[in-house]
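First comes the structure, then the notes that go with it.
The values are calculated or read from the model by the stated rules, or taken from the named source; none is laboratory data. Note that this is a predicted model, so its numbers are computed, not measured. Cβ coordinates were reconstructed from backbone atoms using ideal geometry, including for glycine residues, and neighbour counts include every protein chain displayed.
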Amino acid sequence: MLPSFVLPLAQAAAAAAPDVAAATAAAAALPWWRTGAGLLLSALLTIAVPTILAWFLAKTLRVSDMWGRLATVLTALFAGLAIIALGWPPRLGIDLKGGVILVYEVDASKQVRGQVEEAIEKIETLLDDREGRLGTATRKPDGRIAVALKTTDKAARQSFVDDVTKLDFGGAKVRLAKAPLDDGQSLDLEFEVEGRQAAVDMDKLVAAVARRVNPGGQKEVTVRRYGLDQLEVIVPEVDQSEVDSIKKVVSKSGVLEFRITANRANPSHNRVIKLAEQSVGESVVEGGIPVGRWILLNTEKFDEDERGRLVTRLASDGSIEVLVILDRLNVTGGYLTRASSSIDTQSLSPCVNFAFNASGASLFTELTGKNLPDPANGLTSSLGIILDGELLSAPAIRSTISSNGQITGSFRQRDVDEIVEVLNAGSLPTALYSDPVSEQRISPQLGADTIRSGARAMLLATIVVLAFMLAYYRFSGFVADLAVVLNIILVVALMISVKAAFTLAGLAGLVLSVGMAVDANVLIYERMREETDRGAALRMAIRNGFQRAFSTILDSNLTTVITGIVLFFIGTDQLKGFAITLILGLVLNLFTAVFCSRVMFDLAERKGWIRRLNMARIFGVTNFAFVRWMKPAILGSTLFILAGLAASAQRGQGLFDIDFTGGTSVQVAFKPDKGPDIAEVRAAVKALPDTAVSSVSVDGESQTRFKVDTSLRDTAEVQKTLQSVFPDSLLTYEMSYGDVATVPPAEGQEAATARTTAKLTFPSKINQATLRETIETTLAAEGVGAVPFAVEAEGAVARSKPYERWSLSAGMDAETTTRVLTRMKADLAGTPVYYSANSIGGKVAGNTKVTAVYALLASLGIIVLYVWLRFQNVAFGLAAVVALLHDVLVAVACLAMSHYVAPFLGWALVDDFKISLDVVAALLTIIGFSINDTIVIFDRLRELRGKAQYVSAAMIDKAVNQTLSRTVLTSGTALLATLILFLFGGTGIHAFAFTMLVGIITGTYSTIYIASPIVLWLQRWFGEVPSGAGASRAAGVA
């Protein structure tokens, strides 16, 4: 029996009440220090306390002239600590928190169809404007518009054609597709919308999708433009069931219609039904006017008896279509003011309440009033409720309805929530493809594993770098350590302030910024050492060391910041986190390493806390002839790069990750003691195309994990294949439950009211949304129907997080509850756990590849231009680009060769690496790091050249020798930090760390043996060096 149409105003108010109460409770629970007054007080204290403390210290230490500088340093420290304390914990990216990243693309075909419908409406208006209605306009199956004119007047016809061709539809035009016949008879004019696609307002589209996935505005959801015609949806802490729900909500166009369904028992419908049965397309036209339409029937919402009252047909794709009657009222969702979730009082099932505005209420009153039950025979009409061309419900109209109504049917609560979200958000300004072109899903548990390994690697790397600086530079190292710690505090504070998300790559960027931050200190200290070696007093050595190193520090940091900015604009959400931390770390380094360190040195020197600079020394005065080895070095590099290019060509598409080729990546786990080795997994998945398998290690787990990459873009098919080749060994969502207890009815409650409770345990953990979905699915499978139940996790702090132990309370007897839980346990036992599943479409991959190439070229071009202008010589700019290209090509060569050496170097953690977006980030970072070293030597060359006309071989050797200690130290600290990331950072940044390791080594090598000697060679090429001058000078350097 079809559900009735009712008006539950009280239920709608009750459904809205919890939202208001929740918002009030949330506001009341806000800590006082996060209120407006609390934040203002915190800001005042953050400024006042350090200022007063600085004044007190300056007076006590008798350095009153340093009061301002001390206040600046302490204010920065207090502000950073206050922001961290008030804003902790920071936002985490999807790779650390778990969640999903979906990329959707505008459906241009639906956009054009919408333009055609708009064109028909405007043409109909033009036809109506003429006396006696000039004709009719209808859409043809091929997308064209047929206009049947009823006049033979040539002037009238031409005037109409002129008016139509002047119409504009958001950039699209209508043109005459078929020339009219001038024979004095009635004729058909064919129009078609020009192929130029109307511009899509992506800002409106982003806002509309955001209203759907985050209707309350309280979730950490990001919706933003992605390329020209795509948008990216990032939702943290969701699992697969919630992902499916989000995908339904996003992809729906949100077009709601109310139409009377055709009924063979209604004589007024017979004419339309007859025409419909003769029509081929979806539209039913009579005399050029649409009178009916075939739409898709949602078979899950209608049983056989309900379908019997509808006029249906079998479509060519096997789906069932139902006929609805078109009318001039056109009551749509555009008239809705509010939709809400409620409970149908008759069936006790979830339903949707809605309300119309005044115009909609008037139209709805007329529509329902015209289709009341026939008093003669009791024949009722059904009101079809259509969402995005699909019939959801068809309740019988019992009375006239105006401003409020209810959509009832066989809905689950999740179905109702999705419909409510779509209706309240409104229809999208343009249609999206139903399936995302890219999907990256990471389970919250994998995010927790990533945080653990990433935080450990970051902490260890920081400790090692700080310990080295302290041991090597003594007091100066202590100052550097304080500057680095302050740098980290300020970076974290700024990330929290701007609500930027920490990602795994961002943590790596923070570690690298630590390694690069000491670069500035090393530059300053080595300058101070040189001044001391020349006999300068301590105060003079400090002043000259900071002043003379500043320009080099600025140049080196600026070039790396350039690559970070490029990466920010081309990167994914994870890589943006890396770019932000790297940029902030380097920019703040100018404050912490230069300003703050100078304050501490000046204070220590004036108070006599230091008398001299006591530092260790790796090298004494060196006099190596580096230029002499230029040709062998270039020959060796050329041969290695050629071998790498050959390996790259041999691997072909296999060298690239799915970021660039498209495909699927799945992280799968095996049961304890049933995990195969990596060779067995590789052999088992050979049925999948272009596979790559890597091992994933997680501390504290007895299970074995592997990441499987393939060019197949169907995630479900990949998972199905894995289940077929490993039928009994994959880790599944196991469940156990305790005794089912019957709860006696409360006083005053009917004795027949049954309620049971049970304790549920999920070793692999599960969140509330997934558990509710699983229970609802099992209830339906067991034929129990909709029953009230509640689930609550033990020790829950967030509904979206997965938990192991749950309590179930259900409105069923003990026998039914036991039967449902037994079925649920069996179903879950066959559901494997996938910690991550990423699918990237071909267009997204192609765009990513093009963007990555542009990013590399842009970084190289900007840096070379900067070096050229900075050193006023084209030779320096070209030498820099040659060295940078060398570093990138060597890194790519090592990545290509890893495929062949991985079986032999597995003990060294060398895997079959591929070029992914993370690797591109590493290549960009290599460019920035390598140019740092190069600029330091070029800067020293500029000093040594003075007013000389050219750079000689002797100058190059001397510049490299003088900066050798600095080059080794800065490369060594960055190498230490990166090596720790490589060893302990986990699978997520393994390829990134490997590329950085190679880049740091080859960047140091190219700075000494490639960049500097090439300056000399290029000067000879351009005729700037007299013949024989370079050789004679080189011979004098031993």
>> I need a count of the residues in region 50-77 that are crowded, with 16+ Cβ neighbours inside 10 Å and outside any helix (DSSP H, G or I).
In response: 1
> If the Cβ limit is 7 Å and pairs must be 6+ apart or interchain, which residue in region 335-362 that is of a type in the set (V, I, T) pairs with which residue that is assigned to a strand (DSSP E or B)?
Replying inline: T337/A355; T337/F356; I343/P350; I343/C351; V352/A339; V352/S341; V352/Q406; V352/I407
> What about F904, is it in contact with a Cys (Cβ under 9 Å, 6 or more places away or on another chain), at pLDDT 85 or above, part of a loop (DSSP other than H, G, I, E, B) and hydrophobic (A, V, I, L, M, F, W, C)?
Replying inline: no
> Out of (1) touching a helix residue (DSSP H, G or I) at 6+ places or on another chain (Cβ under 8 Å); (2) crowded, with 21+ Cβ neighbours inside 10 Å, the odd one out for V416 is which?
Replying inline: (1)
> If only one of A852, A845, A837, A883 is small (G, A, S) and at pLDDT 80 or above, which one is it?
Replying inline: A883
> Restricting the search to region 69-97, which residues are more than 30 Å from N838 (Cα to Cα) and without any contact (Cβ under 8 Å) to a residue 12 or more places away in the chain?
Replying inline: A85
>> Residue under question is S245, and the condition is that it be under 37 Å from the mean Cα position of the chain (by Cα), under 29 Å from L102 (Cα atoms), surrounded by fewer than 21 Cβ atoms within 10 Å (Cβ to Cβ) and not β-branched (V, I, T); does it hold?
In response: yes
> A448 fails exactly one of the following numbered conditions: (1) hydrophobic (A, V, I, L, M, F, W, C); (2) touching a helix residue (DSSP H, G or I) at 6+ places or on another chain (Cβ under 8 Å); (3) modelled with pLDDT under 80. What is the number of that condition?
Replying inline: (2)
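Taking K204, is it touching a strand residue (DSSP E or B) at 6+ places or on another chain (Cβ under 8 Å) and either surrounded by fewer than 18 Cβ atoms within 10 Å (Cβ to Cβ) or of a type in the set (K, R) (or both)? Quick ask: steps written out before the conclusion?
Details: touching a strand residue (DSSP E or B) at 6+ places or on another chain (Cβ under 8 Å): no; either surrounded by fewer than 18 Cβ atoms within 10 Å (Cβ to Cβ) or of a type in the set (K, R) (or both): yes.
Considered against the rule, which asks whether it is touching a strand residue (DSSP E or B) at 6+ places or on another chain (Cβ under 8 Å) and either surrounded by fewer than 18 Cβ atoms within 10 Å (Cβ to Cβ) or of a type in the set (K, R) (or both), K204 comes out as no.
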> Of all strands (runs of 3 or more DSSP E) completely enclosed by region 284-362, which ones contain at least 2 residues that are small (G, A, S), in contact with a strand residue (DSSP E or B) (Cβ under 6 Å, 6 or more places away or on another chain) and over 30 Å from E124 (Cα atoms)?
Replying inline: 336-343
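Give region 987-1004 a look and list any residue that's in contact (Cβ under 8 Å) with a residue 60 or more places away in the chain and surrounded by fewer than 24 Cβ atoms within 10 Å (Cβ to Cβ), or say none.
Applying the first criterion (in contact (Cβ under 8 Å) with a residue 60 or more places away in the chain) to region 987-1004 yields 987-996, 998-1000, 1002-1004.
If the condition is that a residue be in contact (Cβ under 8 Å) with a residue 60 or more places away in the chain and surrounded by fewer than 24 Cβ atoms within 10 Å (Cβ to Cβ), then T987, H990, A991, F994, V998, T1004 are the ones that fit.
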> Can you tell me which residues in region 304-323 are surrounded by 14 or more Cβ atoms within 10 Å (Cβ to Cβ) and either of a type in the set (D, E) or more than 22 Å from N266 (Cα to Cα) (or both)?
Replying inline: E306, E321
>> Given (1) more than 27 Å from E776 (Cα to Cα); (2) out of contact with any helix residue (DSSP H, G or I) (no Cβ under 6 Å at 6 or more places or on another chain); (3) among the polar types (S, T, N, Q), identify the lone condition not met by N263.
In response: (2)
>> Residue pairs, Cβ under 7 Å, 6 or more apart or interchain, first in region 261-276 and within 20 Å of N330 (Cβ to Cβ), second assigned to a helix (DSSP H, G or I) and of a type in the set (V, I, T). List them.
In response: A262/V272; A262/I273
>> Considering only residues that are modelled with pLDDT of 80 or more and hydroxyl-bearing (S, T, Y), which ones fall in region 760-776?
In response: T761, T774
> Filtering region 955-998 down to residues that are hydrophobic (A, V, I, L, M, F, W, C) and touching a Gly at 6+ places or on another chain (Cβ under 6 Å), which residue is nearest to G620 (Cα to Cα)?
Replying inline: A974
>> List the helices (runs of 4 or more DSSP H) inside region 656-726, counting only whole elements, that have at least 2 residues being surrounded by fewer than 18 Cβ atoms within 10 Å (Cβ to Cβ) and of a type outside the set (S, T, Y).
In response: 678-684, 715-725
>> Six or more apart or on different chains, Cβ atoms under 7 Å: show the pairs whose first residue is in region 400-412 and farther than 14 Å from L336 by Cβ and whose second is in a loop (DSSP other than H, G, I, E, B) and at pLDDT 80 or above.
In response: T400/L372; T408/P395
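Touching a Gly at 6+ places or on another chain (Cβ under 7 Å) and small (G, A, S), is that true of S952? Reasoning before the result, please.
Working: touching a Gly at 6+ places or on another chain (Cβ under 7 Å): yes; small (G, A, S): yes.
The answer is yes for S952.
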>> Checking V100 against (1) touching a residue at least 12 places away in the same chain (Cβ under 8 Å); (2) under 24 Å from V491 (Cβ atoms); (3) within 37 Å of the chain's Cα centre (by Cα), only one condition comes out false. Which one?
In response: (2)
> Identify, please: which residue in region 125-163 is part of a helix (DSSP H, G or I) and modelled with pLDDT under 70 and is, among those, surrounded by the most Cβ atoms within 10 Å (Cβ to Cβ)?
Replying inline: D129
>> Looking at region 593-607, can you tell me whether even one residue there is within 46 Å of the chain's Cα centre (by Cα) and either within 21 Å of V960 (Cβ to Cβ) or in a loop (DSSP other than H, G, I, E, B) (or both)?
In response: no
> Within region 973-1022, how many residues turn out to be closer than 21 Å to L459 by Cβ and of a type in the set (S, T, N, Q)?
Replying inline: 3
> From the list F591, F601, F546, which residue is aromatic (F, W, Y), within 24 Å of A82 (Cα to Cα) and at pLDDT 85 or above?
Replying inline: F591
